[in-house]
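The values are calculated or read from the model by the stated rules, or taken from the named source; none is laboratory data. Every value quoted in this text rests on a predicted model; they were computed, and no experiment measured them. Cβ sites come from the backbone with ideal geometry, for glycine too, and all protein chains shown count toward neighbours.
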Amino acid sequence: MPKTLLYLLLLFSNAAMVLVTPKSTIEPCSNSDSCSALLGYTLYTDLKVSEVGSLFNVDPVSILTANAIDISYPDVENHILPSQLFLRIPVTCACVDGIRKSVSTHYKTRPSDTLTSISNQVYAGLVSADQLREANDIQDPDVLDVGDNLLVPLPCTCFNGTDNSLPAVYLSYVVKDVDTLAGIAARYRTTLTDLMNVNAMGSTAVKAGDILAVPLPACATNFPRYALDHGLIVPNGSYAITASHCVQCSCGPGNLNLYCMPASLAVSCSSMQCKNSNLMLGNVTTQRSSAGCNVTSCSYGGFVNGTIVTMLSTSLQPRCPGPQQFPPLIAPPSSVTRDSTYAPSPAPQSDGAGPAGATTPKSSVVPSSGSIPGLPPASGPSGSVSSACSLTNSLSTFPPAFMLYLFVKFIVSIS
């Protein structure tokens, strides 16, 4: 084979490799602080709730509450969740070697495992085979001993627990084939501009395997630093269990004020009655007056040295508050439907102008910040998108089949 032909073949192969390289949002860090984060995970097979918990080394109950699944069902931790169900997995996001990631997950290898199968199937693309190899110092990726305990570094971001100066929890979302950035924004009730800024994107283009940081509005707490659950933050529309399963906190759909009450799992818990009052945790009394409404409430103040801290507060408000709104609870899922809350985010509806099944929107909304394609918007965060470069953006505008056609045509002309 002529050297010129060999060189062109290698060049085309490298170009194809660039086209399929997924991108992931990376947040540099320089301190030891951690935050609460979420992973978007699609089940690769039917799994019990407890098995999902073991897979990520997290409390199974926290998985249920993060997805607003009713925990009062009998033996709920042994309920079998269906394959392809999409769940939000709560994890602790730490700072490791200058990058935000979750490093509390370990996986014990089985006879049929490879780094690729663990990456693509078991953890649904949240970690790559190369990341597994590097994190575990594996010399030969084709040789895995059964029972090896592998560290699984998982992507997460904190961004100071805020989005546009409001409390937020960040979800690491693996882009599916059917996804568009507009569809993802619509699903999580945010904007294209916000997603592009958070992920330092220069265009709205995404492809399967990309991992995006998606900000979710949340209810934050102001518990003291010495409280065991200091920094508790609950995404809007979900719940959290704290204080040794004694207290259940929710972030209602109508507001971003955390509301805590005794949990349905509570068995042996410290007193939840506010001092100098008959009110229990979560109770609110109101009394109308000519000046407004006198409101007295017994709220949760954190879990300190095994004790549930309660705080009695009184205030004068212009009007009496309505009943507390709770995120709607669902039964433990047993099937997956396209219309499910947990289904992959849909592409925008076609307006009929394009071919059937087209997923590209008629027009794309780009932040009006004068940003240049290939560079992050001017108001973007300090994070970065790995494997992103101008070559990728340029090549991605040409279909691989067309590039192959040109390559073959060129070879024929010189032969």
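Total residues in the stretch 287-308 satisfying the condition of being of a type in the set (S, T, N, Q), loosely packed, with under 15 Cβ neighbours inside 10 Å and in contact with a Cys (Cβ under 9 Å, 6 or more places away or on another chain): the figure is 1. In the stretch 97-117, which residue that is among the hydroxyl-bearing types (Ser, Thr, Tyr) and part of a helix (DSSP H, G or I) is surrounded by the fewest Cβ atoms within 10 Å (Cβ to Cβ)? Here the residue is Thr116. Every listed requirement among (1) modelled with pLDDT of 95 or more; (2) closer than 20 Å to Val304 by Cα is met by Pro235 save one, (2). The selection criterion, being of a type in the set (Ser, Thr, Tyr) and surrounded by fewer than 20 Cβ atoms within 10 Å (Cβ to Cβ), holds for Ser268.
Here Val96 meets the list (1) at pLDDT 95 or above; (2) more than 21 Å from Asn67 (Cα to Cα); (3) touching a Pro at 6+ places or on another chain (Cβ under 8 Å) almost entirely, failing just condition (1). A single member of Val127, Val103 is of a type in the set (Val, Ile, Thr) and in contact with a helix residue (DSSP H, G or I) (Cβ under 6 Å, 6 or more places away or on another chain), and it is Val127.
Taking the criterion of being touching a helix residue (DSSP H, G or I) at 6+ places or on another chain (Cβ under 7 Å) and part of a loop (DSSP other than H, G, I, E, B), the residues of the stretch 52-90 that qualify are Asp59, Ile71, His79. Scanning the stretch 91-129 for residues that are closer than 19 Å to Leu38 by Cβ and either touching a Lys or Arg at 6+ places or on another chain (Cβ under 6 Å) or free of Cβ contacts under 8 Å to residues at least 60 places away in the same chain (or both) gives Thr92, Cys93, Val96, Lys101, Val103, Ser104, Thr105, Val127. Of all residues in the stretch 244-272, which are modelled with pLDDT of 95 or more and at positive phi? Correct list: empty.
To keep it simple, each residue is scored yes or no on (1) in a helix (DSSP H, G or I); (2) closer than 29 Å to Ser30 by Cβ; (3) at pLDDT 95 or above; (4) not assigned by TED's automatic domain parsing to the domain that holds Ser36.
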{"residue": "Tyr170", "(1), (2), (3), (4)": "no, yes, yes, no"}
{"residue": "Tyr173", "(1), (2), (3), (4)": "no, yes, yes, no"}
{"residue": "Ile184", "(1), (2), (3), (4)": "yes, no, yes, no"}
{"residue": "Thr193", "(1), (2), (3), (4)": "yes, yes, yes, no"}
{"residue": "Met196", "(1), (2), (3), (4)": "yes, yes, yes, no"}
{"residue": "Ala208", "(1), (2), (3), (4)": "no, no, yes, no"}
{"residue": "Leu212", "(1), (2), (3), (4)": "no, yes, yes, no"}
{"residue": "Phe223", "(1), (2), (3), (4)": "no, yes, no, yes"}
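Restricting attention to the stretch 44-96, the residues being buried (at least 22 other Cβ atoms within 10 Å of the Cβ), aliphatic (A, V, I, L, M) and within 18 Å of Gly125 (Cβ to Cβ) number 3. When Asn120 is tested against (1) in a loop (DSSP other than H, G, I, E, B); (2) within 20 Å of the chain's Cα centre (by Cα), exactly one condition is not met: (1). Is it true that Gly301 is of a type in the set (Gly, Ala, Ser) and assigned to a loop (DSSP other than H, G, I, E, B)? No: the conditions fail for Gly301.
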